[in-house]
Every structure is written in structure tokens, then in C-alpha cells.
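For reference, the structure is listed below as C-alpha cells.
The values are calculated or read from the model by the stated rules, or taken from the named source; none is laboratory data. Note that the structure is a prediction, hence the values are computed from the model and not measured. We place every Cβ from the backbone using ideal geometry, glycine too, and count neighbours over all the protein chains shown. Note: accessible area is taken over every heavy atom of the protein model, side chains too, but ligands, DNA and RNA are not part of it. Shrake-Rupley method; radii C 1.70, N 1.55, O 1.52, S 1.80 Å.
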Amino acid sequence: NREANMFNLLCVSAFILLICNPMFLFHAGFWLSHLAVAGIVAYYPVINGLFAFRFIVWRWLWSIISVSLAAQITTFPYSIYMFGAFPLYFLLANVFVLPVVAPILIFAFLILVLQPVPFLARVAGGLLNDLIDFMTAMVSWIEGLPGAYAEHLWFSLPLLVALYALVFFLYRLYISPSWRGWLKLSVTALLVCIISNVQFVSKASAHTLVVYDVGRHILIDIIENGKVNQFYSEGLDDRSIRYARDGFIRSRRLRDANSYALQSIDAMENAEVIEFETGGLRYMIVNGNGTFTMPQTFKYSVDCLILNGALRVEPDVLLSSVECNRVVLATDCPPWMLVKWEAMSSEKGVHLHNVRKHGAFVASN
């Protein structure tokens with residue numbers, strides 16, 4: 001009948017799991033489960049004590065809501081930081097899901113215990129399957145409701161740390177109220193506001209160009225004032241686009257503005273040339289196959305030249321028409337072309353970025 005410190009037990013749990021597998025430290029599930037329990041231990045008594053219901057159904061329902069809210073207080077910042085999204089109907093989901101979690105665990109344990117009696121084990125297995133089917137069906141239904149999932153959210157690491165400091169000082173103030181506690185909480189809240197506004201202003205004023213690695217295609221994002229203009233080659237499927245860019249776009253909470261399709265290289269007779277300017281820098285995209293020559297009417301001057309496709313042109317010949325300090329080779333450039341440009345870059349002092357070799361190219365103002 002001795003009292004136990006639940007936070008100590010939580011630390012013991014984390015310690016034992018990390019002894020078994022230190023790589024759990026990099027698993028989102030490890031952090032979310034322990035953060036959820038920490039939130040329930042700290043905030044459930046507070047939230048549940050806000051209302052007292054005599055009717056047992058309302059008391060049970062408020063208990064589930066209190067558990068959900070308490071867990072979300074400590075998991076919400078990490079969830080946004082890791083996944084960039086948040087389920088808005090989590091309370092509705094937990095009302096249906098939480099009551100069946102305990103029976104699922106009980107029947108799963110019974111299946112193991114009843115293995116010597118196959119008939120009873122199959123009965124327990126059938127009930128377990130029904131409960132799991134019910135749970136997944138309810139989650140799928142809630143997920144399909146309008147606006148169920150808020151996406152393109154983002155917390156930076158400094159903001160994540162500041163939010164957890166705020167949660168910690170809020171709990172400390174509840175445990176032991178004092179003017180020092182109020183001061184710490186106020187300073188932390190002010191710090192959260194400052195970091196949030198700096199984060200917003202930096203994104204709103206950012207000018208960035210990204211050339212992604214998408215195999216035998218080209219995909220470029222031009223980010224200006226929080227909006228994204230996109231160049232992509234015909235034939236590049238939506239799944240590949242999302243896989244390449246969603247993490248980057250989500251981490252900056254950006255909005256797509258316009259998309260421009262570049263002609264498929266396989267169907268091109270002549271290369272297409274696109275010039276644009278962003279963040280005070282001039283860029284040129286040369287996309288195509290075969291022999292290519294720049295018009296000799298005047299010499300082009302750009303900050304970055306982006307090449308894609310098997311362009312049959314000598315690097316020094318192209319650079320005689322286009323003056324630039326940086327060349328980016330997209331993933332559809334053939335190996336022989338890469339060799340030529342790598343040799344030229346060391347001679348001419350031009351900075352070369354091979355997307356296939358070095359990954360996505362990112363240039364910011």
C-alpha cells in the first residue's frame with residue numbers, strides 16, 4: 001500500500017526499453033506513448049476535477065474526455081513537429097476507441113492463455129477480431145468526416161522546446177503556486193509568441209528554389225512570400241511528387257500557388273529554355289535532349305543554370321553563351337554528361353551540384 005511516484009515509474013519504463021533497444025530513442029511511438037502517459041498522470045486529475053457528475057454515464061464520458069485532453073496536452077507539440085498534421089476529431093474518436101482498448105488487451109492475453117484449449121482460444125480470437133474490426137471501422141468513419149485532418153502544420157525545434165517548457169511550468173504552477181511560478185510561465189509564454197512570430201515572418205519573406213531528386217524527371221519549387229510555384233515534367237505522377245516534396249513543403253507550412261508542366265523529354269525535338277527571377281537571383285532552366293545551342297544575339301547572365309536531359313552540348317560552349325556561377329544537374333542528366341561537367345567545374349571554378357549524387361538542391365535568399 002505504499003505510494004509510488006508515477007513519473008519515476010515512467011522513467012523506469014523508458015530506461016528499460018532503451019536498454020533493450022537504444023534505437024527506440026528515434027521512434028515516434030516511443031516518445032508519443034511516454035508523453036501521453038506523462039500528460040495523463042499530470043493533467044488528468046486537474047481536468048477531471050473541473051466537473052462532478054452524479055449520473056454515472058456522464059461521469060464515465062467526462063472521464064474519457066479528460067484522459068484524451070490530458071494526453072493531447074503533452075503529445076500535441078511532438079505530433080505537429082513529427083507529422084505536420086493533427087486529427088481535429090480526436091475527442092470523438094477516443095469516445096468510441098478507448099472503451100474497447102481494454103477488452104482487446106484482455107482477449108489478446110486470453111488467446112495466449114487458452115492455447116491448450118483450441119476451441120476456447122478460437123472463441124476469444126473471434127471476439128478479438130470483432131473488437132478490432134469495430135475500432136478500425138470507427139476510426140475510418142471519423143477520418144472520412146469533413147475537415148477531420150488539419151495538414152501543413154509545423155513546429156520548429158526551438159518552438160517545440162518552448163512549448164514543452166510551457167507545459168512543464170504550467171504543471172509546476174498547479175502543484176506549487178507562487179509568484180516565481182507565474183513569472184516563469186509568463187516568460188515562457190512570451191518566448192513561445194516570439195518564436196512563433198519570428199517563424200511566421202521568416203517563412204512569409206522567404207525566397208527559395210528547390211530542385212528535387214525524382215528519377216527520370218524534373219521537379220522544381222519556387223517559393224516566394226509563402227507561396228509555391230512549381231515546374232514539373234509531363235509524365236511525373238502525383239505520388240512521386242508528393243513523396244519528393246511533401247516533407248519540405250509541410251515543414252514550412254507553404255501553400256501551392258501555380259504549377260507549370262514542362263514538355264516530356266522523350267517527346268521533345270528541341271530543348272526548352274525558361275528564365276525567371278526570385279529573391280533577387282536569376283535562374284535559367286534548360287530542359288531537353290539532343291544537340292543544343294543558345295541564341296547568339298547576346299550573352300545571358302544568370303546566377304544559376306539548371307540542366308535536365310541528355311543535352312549534347314560541350315560545357316565550355318554553353319558557358320560561352322550563359323554566364324553563371326552555379327550549375328545544377330537534375331536527375332535525368334546521363335552519366336557521360338555528368339563526367340564532362342565535373343571536369344569543367346574544376347577548371348572554370350563553377351560550383352556544380354549533381355542532384356542524383358548530392359540530393360535535392362536548395363537555394364535561399
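What to note about this one:
- Among the criteria (1) over 30 Å from Lys203 (Cβ atoms); (2) at pLDDT below 85; (3) open to solvent by less than 40 Å² (accessible area, probe 1.4 Å), the one Leu128 does not fulfil is (2).
- Test: residue in segment 289-298 that is at pLDDT 80 or above, open to solvent by 60 Å² or more (accessible area, probe 1.4 Å), of a type outside the set (A, V, I, L, M) and not in a helix (DSSP H, G or I): no
- So Ala71, is it open to solvent by less than 90 Å² (accessible area, probe 1.4 Å), within 20 Å of Val100 (Cβ to Cβ) and touching a helix residue (DSSP H, G or I) at 6+ places or on another chain (Cβ under 6 Å): yes
- Members of segment 140-176 found to be assigned to a loop (DSSP other than H, G, I, E, B) and open to solvent by 100 Å² or more (accessible area, probe 1.4 Å), listed by number: Pro146, Glu151
- Just one of (1) in contact with a helix residue (DSSP H, G or I) (Cβ under 7 Å, 6 or more places away or on another chain); (2) free of Cβ contacts under 8 Å to residues at least 24 places away in the same chain; (3) more than 27 Å from Asn94 (Cα to Cα); (4) open to solvent by 40 Å² or more (accessible area, probe 1.4 Å) fails for Ala121. It is (4).
- Applying the criterion of being open to solvent by 40 Å² or more (accessible area, probe 1.4 Å) and modelled with pLDDT of 75 or more to the residues of segment 208-218, the residue that is nearest to Val355 (Cα to Cα) is Asp213.
- Candidate set from segment 47-102 (those that are under 27 Å from Val161 (Cα atoms) and part of a loop (DSSP other than H, G, I, E, B)); member that is farthest from the chain's Cα centre (by Cα): Tyr89
To keep it simple, each residue is scored yes or no on (1) within 19 Å of Ile222 (Cβ to Cβ); (2) at pLDDT below 80; (3) open to solvent by less than 80 Å² (accessible area, probe 1.4 Å).
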| residue | (1), (2), (3) |
| --- | --- |
| Met284 | yes, no, yes |
| Asn287 | yes, yes, yes |
| Ala330 | yes, no, yes |
| Cys333 | no, yes, yes |
| Ser345 | no, yes, yes |
| Lys348 | no, yes, no |
| His351 | no, no, no |
| Asn354 | no, no, yes |
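- Residues (over 23 Å from Arg326 (Cβ atoms) and either open to solvent by 30 Å² or more (accessible area, probe 1.4 Å) or touching a helix residue (DSSP H, G or I) at 6+ places or on another chain (Cβ under 6 Å) (or both)) located in segment 226-248: Gly226, Lys227, Glu234, Gly235, Asp237, Asp238, Arg239, Ser240, Arg242, Tyr243, Asp246, Gly247
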